[in-house]
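The values are calculated or read from the model by the stated rules, or taken from the named source; none is laboratory data. Worth saying up front: this structure is predicted, and the values here are computed from it rather than measured. Using ideal geometry, Cβ is built from the backbone for each residue, glycine included, and neighbour counts are taken over all protein chains shown. Surface accessibility is based on the protein's heavy atoms, side chains included, excluding ligands, DNA and RNA. Shrake-Rupley method; radii C 1.70, N 1.55, O 1.52, S 1.80 Å.
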Amino acid sequence: MSTPDTTAAASAPSLVVSLPGRALRAALGPVPEGVQLIDWDMTGPSPVPHIDIVVQPYMGATPLLANLAGTTTRLVQSQSIGYDGVTDVLPAGHTFANASSVHETSTAELTLAMILASQRGIPDFVRAAAEGRWAPARHASLADRTVLIVGYGGVGQAIEARLAPFEVNVVRVASTARNGATGHIHGIAELSALLPLADVVVVGVPLSDSTHHLVDDAFLAAMPDGALLVNIARGPVADTAALLAHAGSGRLRLALDVTDPEPLPAGHPLFALPNVLITPHVGGASTAMMPRMGRLLADQIERMLQGDAPRNVVVRS
């Protein structure tokens, strides 16, 4: 059921925007005259036949895109960066934008936290403290390590920027080789030659047919003994059976913000491995998200009021 914004102009609105919850409405703040805000969480049919900007709920909302059938829109705005599965569900005639600029900082923060925690043995110290034990140990530094970043979009670049003060050697990998502002970027075809050189491998590629199970047995076997794999991409980018085999033997360490399946079921063997650090897909879930999402949406509204093209368009169905 829709709830019109009480500040909307009495005349016919020039822009109708649907929001999936009160948190984003608060983050958006006042809107220009002529913009009408309505509440729609996309769990049922649209409350009106036309919505200029539909904001999709955050996390797990891709199937809800099917409820746009019979509704016309000018823009469907996601609250996530990833858009895997969207083309399979989005009805024809819609323009879909992702939330690039919203999650890069928080995801990079979590990535760095997971790397530091894993390198310096924080999970071991926390377990020991919970048991009332003083357990000093010498762990690997982050300084002087080689960090391989696989996937060099906005998140990968934000991770590199935060790694810079830690005196590491960063090696970058993207779909195609090129030179970037911070140095050479290797192509994905070079991955097998680069993996044996890496102490830490951060995987941040989009999920697609070409990246499904990119992290397989051969990928993991190419990493050196004791290396750390960090997955902040999507769970199916990695083969869970291969992860279990290499971490279960103790040969590799894992830091996973995403898993396959997800949520990871209670009692899953990954939970039991002391060399595996798991966070429940919270890369973007920080206090930075809503203010940044509000700014992105405000910019999209302003652009559309002025007749300009929206930002971050990734799919046209």
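Summary value for the chain: 18 percent relative contact order, contacts being C-alpha pairs under 8 angstrom separated by 6+ residues. Counting 0.36 nm for each residue step from residue 282 to residue 164 and taking away their Cα separation leaves a gain of 40.2 nm.
Treating r as the C-beta distance of residue 61 and residue 313 and R0 as 22 Å, the FRET efficiency rounds to 0.75.
Taking each DSSP H run with n ≥ 4 as -39500 (n - 2.57) and averaging over every residue of the chain yields -7500 deg cm²/dmol at 222 nm.
For the stretch 103-278, what's the relative contact order in percent, using C-alpha pairs closer than 8 Å and at least 6 residues apart? It comes to 19 percent, rounded to a whole number.
Rounded to the nearest 5, the antiparallel percentage of DSSP beta bridges internal to the stretch 103-278 is 10%.
For residue 41 and residue 131, the FRET efficiency from 1/(1 + (r/R0)^6), where r spans their Cβ atoms and R0 equals 30 Å, is about 0.10.
Rolling a 1.4 Å probe over the heavy atoms of the protein chains gives the chain an accessible area of 46 Å² per residue.
Each of residue 177 and residue 295 was given a label point 7 Å from its Cα along the Cα-to-Cβ line. The distance between the two points is 3.7 nm.
Model label points for residue 208 and residue 87, set 7 angstrom from Cα along the Cα-to-Cβ axis, are 0.8 nm apart.
Could you please report the charge total around residue 256, scoring K, R as +1 and D, E as -1 over all other residues with beta-carbon less than 14 angstrom from its beta-carbon? Charge balance near residue 256 sits at -2. Element breakdown for the stretch 103-278 at a 1.4 angstrom probe: carbon and sulfur atoms account for 58% of the accessible area. Between the helical axis of 104-119 and the longest alpha-carbon principal axis of the chain there is an angle of about 20 degrees. Backbone amide hydrogens, once placed in the peptide plane, bring residue 201 within less than 5 Å of 148, 228, 229, 230, excluding anything fewer than 5 places away on its chain. In the frame of its principal axes, the chain has Cα extents of 69, 49, 35 Å, reported largest first. Among 230, 282, 76, the largest mean-square fluctuation in a Gaussian network model of the chain (Cα springs under 10 Å) belongs to 282.
The stretch 184-213 and the stretch 13-82 have Cα centres spaced 35 Å apart. By the gyration tensor of its Cα atoms, with a ≥ b ≥ c the square roots of the eigenvalues, what is the shape of the stretch 246-317: rounded for a/c under 1.5, prolate for a/b over b/c, or oblate? Prolate shape, in that a/c is at least 1.5 and a/b is the bigger ratio. Simple spin-label estimate for residue 141 and residue 184 gives 2.6 nm between the two label positions (7 Å along the Cα-to-Cβ direction from each Cα).
Basic side chains Lys and Arg get +1 at the Cβ, acidic Asp and Glu get -1 at the Cβ, and with that the dipole of the chain about its Cα centre reaches some 440 debye.
The angle separating the long axis of helix 154-163 from the principal Cα axis of greatest extent in the chain is about 40 degrees.
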